[in-house]
Amino acid sequence: MAIKPTTTIRIDVDLKRRATEVFDEVGISLSTAINGFLKAVVREGNMPFEMKLEHPKLEIKPGNATLNHAFIAKKDEFYTQYEDVAREMLKYKDQFRQKTVLCNCDDPFESAFFRFFVLHFEDLELAGLTSTCYDGSPMAGREYPLEGGTAAYRAVVTELPDEPLLRPDGSLDLESLFALPGNSLAHLSGDGDFRSDECEALLAEADIVATNPPFSLFREYIGQLERYNKDFIILGNMNASTYREVFPLFRDNKVWYGETIRSGDRKFYVPDTYPLNAAGCGLDEDGRRFIRVKGVRWLTNLDNGRRHEPIALTRSYTHEDYPHYENYNAIDVGRTLDIPTDYEGFMGVPITFLDKYSPDQFEIIMLANGNTRSSVPADTLDQVGYRPHPEDKGGVGIINGRRSYARILIRRKSSS
């Protein structure tokens, strides 16, 4: 049954606890205190007390040890910036037309994805937007909690109100949005995990999935999208391209990088409980915690123009500049831009090759890394002339008796 949300305000968890303790001593509730404050504002025509601006000081410790520990502990609730979402999604306007979009979120009303698709609903000519809330997140229900039940819910949007949806303070007029008969908010029976039966049912109904899945569950998430044969645009770390479950999708042109993020790091908001003791962490001007994560990429199976742009190459092959592997019939290329224009055989290129890869120019054969012998078909290993080497640790390319970095083996496509 659809339910109506309650009007709420965002309050720091610790601040709320400490204030409630004071009000309990006085003998009033938090709600009564807030109403008293608002009445004082109306009576005074101003803030009923003087306000001073104080900037909190953060103690930032060098290094990434704590941030790495947070990844291990699966504290990967990273909230994408609106600008990053908008910049990528607007590259696919024609492909969103008359489609239903699904966004799995920790909380839709904290999500830049939900905000973007609501604000661009008519511009993209969407048929519908469905977003889910995960009860296990500390952000669930903070911005716009629902009455009764768990914090897990689904938000469905099929139409927009006539009046502007964006309020002067930048917030969304959610009351007007969900007052429309075609839109709804309803509790989920489970916790909103993307692997639950009810969330998989929502996935089956959707046309395109757009979200930032937990990095620690990326294999499962993209595997689920593949099983359901869904179009998607999702954020992930570029290291995910080397996963046994993911690299074959790149090789077979079932997934590729998006248009707008190709290098550098990205800023993500994090929950209030997230530690800020690594380089790149801080508070923004609104007091929200953020961290910076390197190697982030959009992964998609929606076609885009950039993936069809050939790499501009200028180098010519020489035996001295391009050493041959001892365990593959291939040459080693240290940088993507150094791929020789006149070599027709197999070449080992860095993982960053995928940033510039065009399937019209090159063919991806396999990934040569420590999992090669257990993950690459025998006929492919025969094709590239693989010969086990005592130092290759399962398939890493060997040059002068020493292991090289993981390499993608490619070859040039015929021009005919």
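The values are calculated or read from the model by the stated rules, or taken from the named source; none is laboratory data. Worth saying up front: this structure is predicted, and the values here are computed from it rather than measured. Positions of Cβ are generated from backbone atoms using ideal geometry, with glycine treated the same way; all protein chains shown enter the neighbour counts. What goes into the accessible areas is simple: the full protein's heavy atoms, side chains included, and nothing from ligands, DNA or RNA. Shrake-Rupley method; radii C 1.70, N 1.55, O 1.52, S 1.80 Å.
Would you please list the contacts, defined by Cβ atoms under 6 Å and residues six or more apart or on different chains, that run from a residue in segment 329-356 that is buried (at least 20 other Cβ atoms within 10 Å of the Cβ) to a residue that is assigned to a helix (DSSP H, G or I) and modelled with pLDDT under 95?
Final answer for the pair search is Leu354/Ser241.
Any idea which of (1) outside any loop (DSSP other than H, G, I, E, B); (2) closer than 17 Å to Pro248 by Cβ; (3) within 31 Å of the chain's Cα centre (by Cα); (4) of a type outside the set (Lys, Arg) is the one Tyr357 doesn't satisfy?
Of the numbered conditions (1) outside any loop (DSSP other than H, G, I, E, B); (2) closer than 17 Å to Pro248 by Cβ; (3) within 31 Å of the chain's Cα centre (by Cα); (4) of a type outside the set (Lys, Arg), the odd one out for Tyr357 is (1).
Any chance you could count how many residues in segment 360-407 are β-branched (Val, Ile, Thr), under 31 Å from the mean Cα position of the chain (by Cα) and in a loop (DSSP other than H, G, I, E, B)?
Adding up the residues that qualify gives 2.
Of (1) closer than 20 Å to Phe250 by Cα; (2) modelled with pLDDT of 95 or more, Leu313 satisfies all except one. Which?
It fails just one condition, (1).
So which residues in segment 225-247 are touching a residue at least 40 places away in the same chain (Cβ under 8 Å), within 24 Å of Thr372 (Cβ to Cβ) and open to solvent by 40 Å² or more (accessible area, probe 1.4 Å), if there are any at all?
Matches in segment 225-247: Asn239, Thr242, Arg244.
Please go through segment 188-207 and pick out each residue that is touching a Cys at 6+ places or on another chain (Cβ under 7 Å) and charged (D, E, K, R).
Matches in segment 188-207: Asp193 only.
Of the conditions (1) of a type in the set (Asp, Glu); (2) at pLDDT 95 or above; (3) surrounded by 21 or more Cβ atoms within 10 Å (Cβ to Cβ), Asp123 clears all except one; give me its number.
Every listed condition holds for Asp123 apart from (3).
So how many residues does segment 141-170 have that are modelled with pLDDT of 85 or more and within 26 Å of Asp191 (Cα to Cα)?
Final tally of qualifying residues: 7.
Identify, by number, the condition in (1) at pLDDT 90 or above; (2) surrounded by fewer than 20 Cβ atoms within 10 Å (Cβ to Cβ) that Cys133 doesn't meet.
(2) is the only condition that Cys133 fails.
Out of all the residues in segment 91-111, which are closer than 23 Å to Gly305 by Cβ, assigned to a helix (DSSP H, G or I) and in contact (Cβ under 8 Å) with a residue 24 or more places away in the chain?
Hits for segment 91-111 are Lys91, Tyr92, Lys93, Gln95, Phe96.
Give segment 205-224 a look and list any residue that's open to solvent by 10 Å² or more (accessible area, probe 1.4 Å) and touching a Gly at 6+ places or on another chain (Cβ under 8 Å), or say none.
Residue satisfying the conditions is Phe215 alone.
Test Asn212 against the criterion of being free of Cβ contacts under 8 Å to residues at least 60 places away in the same chain and either under 22 Å from the mean Cα position of the chain (by Cα) or farther than 30 Å from Thr372 by Cα (or both), and give yes or no.
Spelling it out, it is not the case that Asn212 is free of Cβ contacts under 8 Å to residues at least 60 places away in the same chain and either under 22 Å from the mean Cα position of the chain (by Cα) or farther than 30 Å from Thr372 by Cα (or both).
Is there a residue being of a type outside the set (Asp, Glu), farther than 30 Å from Arg373 by Cβ and at pLDDT 95 or above anywhere in segment 285-295?
No: zero hits.
Return the residue satisfying two criteria in turn: it lies in segment 213-264 and is among the polar types (S, T, N, Q) and touching a Phe, Trp or Tyr at 6+ places or on another chain (Cβ under 8 Å), and of such residues it is nearest to Leu203 (Cα to Cα).
If we take residues in segment 213-264 being among the polar types (S, T, N, Q) and touching a Phe, Trp or Tyr at 6+ places or on another chain (Cβ under 8 Å), then Gln224 is nearest to Leu203 (Cα to Cα).
Could you look through segment 247-277, keep only residues that are among the hydrophobic types (A, V, I, L, M, F, W, C) and modelled with pLDDT under 95, and pick out the one that is farthest from Gln81 (Cα to Cα)?
Only one residue fits best here, namely Leu276.
What pairs can you find where one residue is in segment 394-405 and closer than 18 Å to Glu320 by Cα, the other is aromatic (Phe, Trp, Tyr), and their Cβ atoms are less than 9 Å apart, with a gap of 6+ or different chains?
Final answer for the pair search is Gly397/Tyr325; Gly397/Tyr328; Gly397/Tyr405; Ile398/Tyr325; Ile398/Tyr328; Ile399/Tyr325; Ser404/Tyr325.
Within segment 318-327, track down each residue that is open to solvent by less than 80 Å² (accessible area, probe 1.4 Å) and either more than 24 Å from Leu381 (Cβ to Cβ) or touching a helix residue (DSSP H, G or I) at 6+ places or on another chain (Cβ under 9 Å) (or both).
Across segment 318-327, the qualifying residues are Thr318, Tyr322.
Only residues in segment 160-171 that are farther than 16 Å from Asn183 by Cα count as the first member; pair them with residues that are surrounded by 11 or more Cβ atoms within 10 Å (Cβ to Cβ), Cβ under 7 angstrom, at least 6 apart or cross-chain, and list the lot.
Short answer, once both residue conditions are applied: Leu166/Leu119; Leu166/Leu172; Arg167/Asp173.
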